[in-house]
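Working notes for the structure below.
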């Protein structure tokens, strides 16, 4: 945390010295790697200073529409029609995993198994205790406490919520009909947390809690993740390998406006709740600003890929970058 604050302070202190200043805001899903990228790029290119404020996908979309930032981060993809209506261009930046985190005394990371049915019923409020027979049947060797389940979900407009509810809508007809998908939905149960760190904090301090977050935040917070049943019926653990397997299913050649969903994709080892995080740019941005943005994001796709991988994201393959480059 202090390292990130120090990096941010360095960037802000030198804004006045830069010939070009680029501001971004939005999704917290990619914020850990965006912080690394903005700092490193600014060090290598002292004439350009870049900032990124993590505030949620919904807020980022509103900011780019209003023209108060130069780019937005969002995990809630816009259709081509939505992009054209808003005067916005959308490009994928990274893929990553949304994971289910729990706070259960005595239960270790990747020890708890949750089926599609059980996961949906927990977030619907139909299963309310960790000693429920449906959970125990999946975990005969795990000592599950007789403890109330506290669902923790996002309270802000969130791309991570879009990915998670998109998944729940695919695996549960009840969820699809009663709640649906979106960056902001009417949650049946639970307490809210602001952005991914807020969800992690609430899970960490609440015995019996369950929530969802981007994988890097779970790792940094030291929270236990659950193994989930994927589309092939296998129980898989969250990892860069399982995220990469899901990301490999993307057909970017036939994705108008680069719209893509990677939830519940087939594959024996695919992670079921994989998502894409995007950058949103204004079509009417000044030419000089567009050129600076292109230089920065092409650096992210190439030199920045190593940072993304270290932080457990999935960098886009060269074949996809080649599709993006002529349009960016």
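Taking 224, 308, 291 in turn, the Gaussian network model of the chain (Cα-Cα springs below 10 Å) assigns the largest fluctuation to 291. Taking a ≥ b ≥ c as the square roots of the eigenvalues of the Cα gyration tensor of the stretch 113-210, is the shape rounded (a/c under 1.5), prolate (a/b larger than b/c) or oblate? Oblate, since a/c reaches 1.5 and b/c is not below a/b.
Here the spin labels are modelled as points 7 Å beyond Cα on the Cα-Cβ line, and at residue 302 and residue 220 they lie 2.8 nm apart. For the stretch 120-171 versus the stretch 44-113, the inter-centroid distance based on Cα atoms is 24 Å.
Is the C-alpha gyration tensor of the stretch 289-328 telling us rounded, prolate or oblate? Criteria: a/c under 1.5 is rounded; beyond that, a/b larger than b/c is prolate, otherwise oblate. Here the stretch 289-328 falls in the oblate category. Could you tell me how many degrees, from 0 to 90 and to the nearest 10, lie between the Cα long axis of helix 31-44 and the main elongation axis, the longest principal axis, of the Cα atoms of the chain? So the helix axis and the longest Cα principal axis differ by about 20 degrees.
Quick one: angle between helix 57-66 and the longest Cα principal axis of the chain, in degrees between 0 and 90, rounded to 10, please. Helix 57-66 sits at roughly 30 degrees to that axis.
Run the numbers for residue 86 and residue 205: contour at 0.36 nm per residue of separation, minus the present Cα-Cα distance, in nm.
Working: separation 119, 0.36 × 119 = 42.84 nm, distance 4.04 nm.
That works out to 38.8 nm of additional length.
Helix 159-171 and the longest principal axis of the C-alpha atoms of the chain enclose an angle of approximately 40°. Per-residue ellipticity at 222 nm computed for the chain from its helices equals -11500 deg cm²/dmol, with DSSP H segments shorter than 4 residues left out and the rest contributing -39,500 (n - 2.57).
Most tightly packed first, judged by the mean number of other beta-carbon atoms within 10 Å of their residues, the peptides 319-326, 110-117, 90-97 read 90-97, 110-117, 319-326.
Every read-out reported here was derived from the displayed coordinates using simple, explicitly stated rules and does not represent laboratory data. Here the structure is a predicted model, which means the values were calculated and not measured. For neighbour counting, all protein chains shown are included, and Cβ atoms are generated from backbone atoms with ideal geometry for every residue, glycine included.
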